[in-house]
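Derivation of every value follows stated rules applied to the coordinates shown; laboratory data play no part. This is a predicted model, so every value here is computed, not measured. As a convention, Cβ positions derive from the backbone with ideal geometry for all residues, glycine included, and neighbour counts pool all protein chains shown.
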Amino acid sequence: MGNRFNQSGEPQSWRERAYEVIFEADTPAGKLFDVVLLIAILLSVVVVMFESVDSFRRKHGELLLKAEWLFTILFTIEYVMRILCARRPLRYIFSFYGIVDLLAIVPTYLTIVPVFTGVPSTQRLAVIRALRLLRAFRIFKLAHMLSEAKALKQAIWAARAKIAVFLSTVLIAIVLVGSAMHLIEGDRTDENGNSIATGFDSIPESMYWAVVTMTTVGYGDVSPTTAIGKTLAACMMMLGYCMIIVPTGIVSAELAQPTRKAITTQVCPECMAEGHDKDAIHCKFCGGKL
């Protein structure tokens, strides 16, 4: 389990040893615990996926139910242990991982509440456990990936004003083109004067077409039939191709800034924050000793 003495030279308490195993990945025991946890998370997600298949659920429903409760109980024990060994439990409970860990076990318990009994969608919400796989970045000491993820977040945040302008431009284009297509294609009648459903019967429906066209998805469920409408659609398609490269260029320009320092896998015992510099002694977020 690693060194059984803390930095003061005193024997570690059970909480300190548990914290080292559960929250850290710097010791063989800690890494083994987290690898086993990842495997359990993967298996539990697979169980939820198979439970959504009607034929498989009818044939192996009892087995799937037992497996689901087994994983839920194991994750509940793990969640309680994290709270008990954390130096500041509330910091963990309201942290990102703390909330995800709680949401991973709540759906199964909701199935035994009378008002939710028999509601399959409640149990299937347990697939949120897949979010816990984000721990793999820390568990396997993929510091370079953590660093790149942090760099990407910083680049997006630094470019937030440009991205906001870009999204505003896209939204304005969608509203204008959607309104124009409703005007061009929406009010159409047959030989008897009956209204024809074209898919552009309202501005929101026309805006849906504009979004699908600009993003180059092109479902094809709605399309213009008039010459003017097709011309406008062609312009919208070309605009969509031009707009695709804009956010990529914005973020790429920010990512081209000088490289960041490598970071470690340690979790601050005070504020539960991650992403510290490799040579850090104190947490850069709260000042606590690492």
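The set of residues in the stretch 40-57 being part of a helix (DSSP H, G or I), surrounded by fewer than 17 Cβ atoms within 10 Å (Cβ to Cβ) and not charged (D, E, K, R) consists of L42, L43, V46, M49, F50, S55, F56. Taking residues in the stretch 197-209 that are farther than 18 Å from K230 by Cβ, and partners anywhere that are acidic (D, E), not one pair has Cβ atoms closer than 6 Å while being at least 6 places apart or on different chains. Of the set (1) over 26 Å from W14 (Cα atoms); (2) in contact with a Ser or Thr (Cβ under 7 Å, 6 or more places away or on another chain); (3) touching a residue at least 24 places away in the same chain (Cβ under 8 Å), all apply to T72 but (1).
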